Structure formats: C-alpha cells, structure tokens
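Worksheet for the structure shown next.
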Amino acid sequence: MGAVLAVMRRSTAVTGTDLIEATGLARATVIAVCDDLINAGWVRELPAQRTAVQKGRPARVFEFDARAGVVVGLDFGVAKATALVADLRGAVLGKATESFGGFVEPVAKRLATIDRAIRAALAAAGVGAEAVLVAGIGIAAPVDRNGNIPHSQRFWEHFDIGIREELRGRHGWPVLLGNDADLASMAEHWMGVGAGVDDLAVMLAGERIGFGLIESGRLLRGASGRAGEVGQLDLVEGVGTPDGIAHLARALAVTDMAAPKDVTAEAVFSAAARGDAAAGQVLERIARRMARVIALLATFTDPELVVIGGAVAQSAAVLLGPLGDELAKFMPTPPRVAVSTLGDAIVTLGAVRLALDYVEQNVLELVPLR
C-alpha cells in the first residue's frame with residue numbers, strides 16, 4: 001500500500017497500468033490496494049476516459065487526494081512565530097505571524113502566542129484543527145533524533161518550553177521539532193535552488209552562522225543534533241566569531257561607514273550594489289570571513305552547493321562575486337555558492353517538509369479528513 005501511495009503522491013492522475021509499471025506489483029494487487037486507499041480516504045477515483053481506439057472496459061483512473069488533510073509548519077523564533085498550513089502536496093493554503101515579547105515573556109504566554117499563530121493560519125486556509133495530520137516546528141537550537149533539545153547552552157534552553165506536549169495535548173496532533181538550519185536545508189533540497197543536489201549545505205544568513213547539511217540526499221544530524229553548529233569559529237583565524245551575515249553587515253557598517261545603529265543589512269548590501277565605496281569594503285570583509293567558514297566546512301563535508309538562506313539572502317546576492325574570489329584562494333575546486341529564493345519562509349517550508357515526510361512514513365497509522 002505504501003509503494004502505491006508513494007507513486008500517486010508524486011504524480012497527478014494515474015491508471016492501474018501506470019501503477020503496475022511503477023511498482024512492479026500484479027494488477028489484482030494494485031486494484032485492491034487502490035480500492036482500500038479510496039475507502040480509507042487517501043485516494044479518489046476519477047471518471048474513466050476511453051480513447052477512440054480503445055476496446056473493452058475503460059481504464060480506471062486514480063488520484064491522490066491532497067486535501068485529505070493538512071500539515072502545519074511553524075518557525076518558532078526569538079521575536080515571532082510564523083505558521084504555514086499546507087496541503088499534502090505542500091501547497092501553502094494559509095499563513096500567519098504573531099510576535100513575542102522576547103525570552104522575558106512567561107512560557108505560558110509564548111505558548112499561547114504560538115497557538116494563536118497556528119489558529120490564524122488555519123483560519124486563513126479555511127480548515128479546522130481537526131484537519132491537521134501533523135505539525136512540524138523549527139527552532140534555533142539543535143534537536144536530536146528523538147526530538148530532544150540539549151541544554152549545554154542557555155540560549156537553546158529558551159526553546160525547550162514544552163511546545164510538543166502543549167500542542168499534542170491541546171489538539172491531539174503528532175508534533176515534530178527540528179533545528180532551523182536543518183529545516184532550511186530540507187526546504188532547499190525540496191523546492192529551492194538546491195533541488196536535485198544531494199550534497200548540499202545551507203547557511204542561514206541571520207544573526208549567527210548555522211548550517212543545515214544534506215549528504216547523499218539525507219539530512220546529517222550528528223549524535224546530539226549538533227551537526228552544522230559552528231559555535232567555535234573563534235578558533236578559526238580570520239573569522240573570530242560565529243556572527244552571521246546580517247549581524248556582521250550591520251556591525252561593520254556602523255564602524256566602517258559611520259552608519260546609524262539601526263542600519264539594516266539590506267541597506268548595506270543595496271549601497272554596495274550601487275557602488276558605494278565604504279559599503280563595498282564592508283562587503284569584502286564579510287566575504288573574506290564567510291569564505292573561510294565555507295572553506296572549513298567544505299574540507300569536512302564536501303558539499304556540491306552552498307546556499308545562503310534566510311530573510312536577507314536575496315539582498316546578499318552581491319556577496320557572491322567577492323565570496324567566489326576569496327574561496328578560490330583557499331580551494332582548487334570550491335563548492336558552488338548561491339542565494340536562496342525562499343526568503344524568510346525557508347524555515348517554515350522546511351517544517352512543512354518535515355511534517356509531510358512524517359505523513360508519508362506513517363500514512364497507514366494516520367486518519368485522513370473525511
């Protein structure tokens with residue numbers, strides 16, 4: 001049943017013959033499985049179509065019902081929670097964002113804010129909580145294979161607030177946690193510039209550097225979920241700190257360009273693109289640091305492609321030229337570097353992918369919406 005359903009999820013309308021060719025199963029088995037899936041609510045049968053030259057009974061036509069349920073993807077950050085609701089093919093049906101008062105806010109209030117964002121996204125999608133099959137959540141902390149968050153850094157502990165238990169108890173859903181950079185890499189591998197690239201690294205261009213790593217098409221987690229965490233970059237000459245691209249752009253602009261303290265990374269990159277000399281120097285300093293980070297990563301993981309992702313990724317495209325020049329100084333065959341086109345949705349889309357993977361792996365245990 002799982003093999004037949006997997007083919008149908010990747011296709012549009014298919015016939016029994018299509019499924020036989022894709023799975024190698026006997027016709028009687030395929031038709032019986034399709035009937036079971038129709039009765040279970042995962043598949044619908046479309047009107048049969050007879051060709052002009054066809055003789056006998058027309059072929060039965062089947063289609064996976066992408067609205068047999070929905071999944072929720074949530075990006076749980078420091079300042080806000082953004083929720084997406086998607087159908088079972090990953091098409092986004094609704095989105096909502098709610099703001100936090102920071103880590104000083106009581107846990108109960110943050111949990112209520114998260115639930116409010118999810119409910120607003122469900123309302124935007126026109127579905128109720130009963131339609132949700134599973135929720136995926138991205139957080140700015142490592143997550144091990146069992147969904148646990150290590151407490152070796154105080155910052156990470158701020159995300160261990162019982163969100164899985166809260167949503168499961170409130171709604172009855174399976175709830176999955178994932179590291180934000182890991183989910184970003186899953187989103188890129190699924191539908192971004194990294195689609196079809198099985199050796200991939202995604203660097204979030206935010207306040208701190210963090211990588212999500214795909215090797216041979218599989219997510220690399222590490223023993224405690226810390227693969228891709230590069231918090232010890234102060235040990236690397238020429239890098240000094242694990243500060244991310246957005247943070248560096250602002251800090252260097254204040255120092256080198258005499259820019260106001262509230263200058264944005266986007267403004268710095270825009271000025272560099274217009275030919276501003278001081279902004280260009282900031283760009284070169286960031287490129288030198290990031291090239292060392294990427295070269296170090298590539299030494300150990302050998303990605304084919306490194307993607308710069310996150311909210312400022314698109315404006316950071318001006319980094320690609322100087323970054324490529326710097327990388328060539330360190331490596332004879334450096335990885336390609338690109339910027340993500342997924343914008344600030346990259347983590348929420350990865351959370352959707354995490355949830356969809358769970359549906360695909362546990363479809364026989366889930367109950368679709370009738």
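The values are calculated or read from the model by the stated rules, or taken from the named source; none is laboratory data. Everything numeric here is computed off the predicted structure, so don't read it as measured data. Neighbour counts run over all protein chains shown; Cβ positions are idealised from the backbone, glycine included.
Side notes on the structure shown:
- At least 2 residues being touching a residue at least 40 places away in the same chain (Cβ under 8 Å) is the threshold, and among the strands (runs of 3 or more DSSP E) wholly inside the stretch 1-84 those reaching it are 61-64, 70-76.
- Of all residues making up the stretch 85-107, the number that are of a type outside the set (A, V, I, L, M) and in a strand (DSSP E or B): 5
- Of the residues making up the stretch 334-370, those that are among the polar types (S, T, N, Q) and within 18 Å of Gly194 (Cα to Cα) are Ser340, Thr341, Thr348.
Yes or no, residue by residue, for (1) aliphatic (A, V, I, L, M); (2) assigned to a loop (DSSP other than H, G, I, E, B); (3) in the same structural domain as Ala291 (by TED's automatic domain parsing):
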site	(1), (2), (3)
Gly231	no, yes, yes
Asp234	no, no, yes
Thr241	no, yes, yes
His247	no, no, yes
Arg250	no, no, yes
Val263	yes, yes, yes
Val268	yes, no, yes
Ala272	yes, no, yes
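- Subset of the stretch 321-365 [surrounded by fewer than 18 Cβ atoms within 10 Å (Cβ to Cβ) and of a type in the set (A, V, I, L, M)]: Ala328, Met331, Leu364
- Taken together, the residues in the stretch 8-39 that are under 18 Å from Pro368 (Cα atoms), in contact with a strand residue (DSSP E or B) (Cβ under 8 Å, 6 or more places away or on another chain) and either at pLDDT 90 or above or polar (S, T, N, Q) (or both) amount to 4.
- Criterion (more than 18 Å from the chain's Cα centre (by Cα), closer than 20 Å to Leu248 by Cβ and in a helix (DSSP H, G or I)) met by exactly one of Ala316, Ala328: Ala316
- Selected residue [over 18 Å from Leu356 (Cβ atoms), more than 14 Å from the chain's Cα centre (by Cα) and either modelled with pLDDT of 95 or more or buried (at least 16 other Cβ atoms within 10 Å of the Cβ) (or both)] from Ala124, Ala131: Ala124
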